[in-house]
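A.B. asks: One structure is given below, represented as structure tokens, and several questions about it will come after.
The values are calculated or read from the model by the stated rules, or taken from the named source; none is laboratory data. Nothing here was measured: the structure is a model prediction, and the numbers come from that model. Neighbour counts run over all protein chains shown; Cβ positions are idealised from the backbone, glycine included. Please note that ligands, DNA and RNA were not included when accessible areas were found on the heavy atoms of the full protein model with its side chains. Shrake-Rupley method; radii C 1.70, N 1.55, O 1.52, S 1.80 Å.
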Amino acid sequence: MVDIDWDWLQERAVEAMRHAYAPYSKFRVGVAALVDDGRTVTGCNVENAAYGVALCAECGLVSQLHLTGGGTLVAVSCVDAEGSSLMPCGRCRQLLWENGGPECLLMTASGPRPMTEILPDAFDAGDIAHIVRK
Ligand code: THU
């Protein structure tokens, strides 16, 4: 298990949050993650006049993950405008599960917690394999 510098990761998330485009909700979000090869990827939320089209910060993060070489997320820090740990929305928990798996750690108000606690009984590729392969 790699040693995770959570303070450093949180600072990267705060830096990303400063780039958020959130003129409608005024709720800026930043996220940073350590990848299994040592890279760091980040994201910020990007809203739209058509409110429902808003992209959560985690959407940008997973896009950057794939753009820069793929891999698996190992540790994630998601923050609000005050730099406090923020719990990802349900859809984004699913994104983190897909790209980080059950062992990926998320920093929370009560410390780092594995994705198995953040998204219990998660739906994933294993649930569709027996149908999709037919
Ligand atoms: N938001 C995120 O970026 N990530 C989350 O996990 C929760 C919500 C954003 C979406 C929207 O721009 C703003 O926060 C208010 O909901």
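A.B. asks: Quick one: how many residues across the range 72-103 are in contact with a strand residue (DSSP E or B) (Cβ under 7 Å, 6 or more places away or on another chain), within 14 Å of the ligand (Cβ to nearest atom) and over 17 Å from Asp124 (Cα atoms)?
C.D. replies: Residues that pass the stated criteria total 8.
Listed here are the residues, each with its yes/no results for (1) touching an Asp or Glu at 6+ places or on another chain (Cβ under 6 Å); (2) open to solvent by 10 Å² or more (accessible area, probe 1.4 Å).
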| position | (1), (2) |
| --- | --- |
| Ile4 | no, yes |
| Thr42 | no, yes |
| Ala50 | no, yes |
| Gly69 | no, yes |
| Val76 | no, no |
| Cys92 | yes, no |
| Glu117 | no, yes |
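A.B. asks: Which of (1) of a type in the set (A, V, I, L, M, F, W, C); (2) within 8 Å of the ligand (Cβ to nearest atom); (3) open to solvent by less than 30 Å² (accessible area, probe 1.4 Å) does Val35 not meet, given it meets every other one?
C.D. replies: (2)
Rundown of residues vs (1) within 17 Å of His19 (Cβ to Cβ); (2) within 14 Å of the chain's Cα centre (by Cα), yes/no style:
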| site | (1), (2) |
| --- | --- |
| Val46 | yes, no |
| Leu67 | yes, no |
| Ser77 | yes, yes |
| Leu96 | no, yes |
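A.B. asks: Taking the range 63-94 on its own, how many of its residues are over 12 Å from Thr42 (Cβ atoms), assigned to a loop (DSSP other than H, G, I, E, B) and in contact (Cβ under 8 Å) with a residue 12 or more places away in the chain?
C.D. replies: Final tally of qualifying residues: 11.
A.B. asks: In the range 10-27, which residues are more than 8 Å from the ligand (Cβ to nearest atom), without any contact (Cβ under 8 Å) to a residue 60 or more places away in the chain and either open to solvent by 30 Å² or more (accessible area, probe 1.4 Å) or in a strand (DSSP E or B) (or both)? Talk me through it step by step, then tell me what you get.
C.D. replies: Narrowing the range 10-27 to residues more than 8 Å from the ligand (Cβ to nearest atom): 10-19, 21, 23, 26.
Still in the list and also without any contact (Cβ under 8 Å) to a residue 60 or more places away in the chain: 11, 15-16, 18-19, 21, 23, 26.
Answer for the range 10-27, where residues must be more than 8 Å from the ligand (Cβ to nearest atom), without any contact (Cβ under 8 Å) to a residue 60 or more places away in the chain and either open to solvent by 30 Å² or more (accessible area, probe 1.4 Å) or in a strand (DSSP E or B) (or both): Glu11, Glu15, Arg18, His19, Tyr21, Pro23, Lys26.
A.B. asks: I've got another one for you. Filter the range 96-134 down to the residues that are without any contact (Cβ under 8 Å) to a residue 12 or more places away in the chain and under 17 Å from Trp6 (Cα atoms) and list them by number.
C.D. replies: Across the range 96-134, the qualifying residues are Ser110, Gly111, Arg113.
A.B. asks: Can you tell me which residues in the range 29-62 are in a helix (DSSP H, G or I) and within 22 Å of Met107 (Cα to Cα)? Give the derivation first.
C.D. replies: Going through the range 29-62, the residues in a helix (DSSP H, G or I) turn out to be 51-53, 57-62.
Matches in the range 29-62: Ala57, Glu58, Cys59, Gly60, Leu61, Val62.
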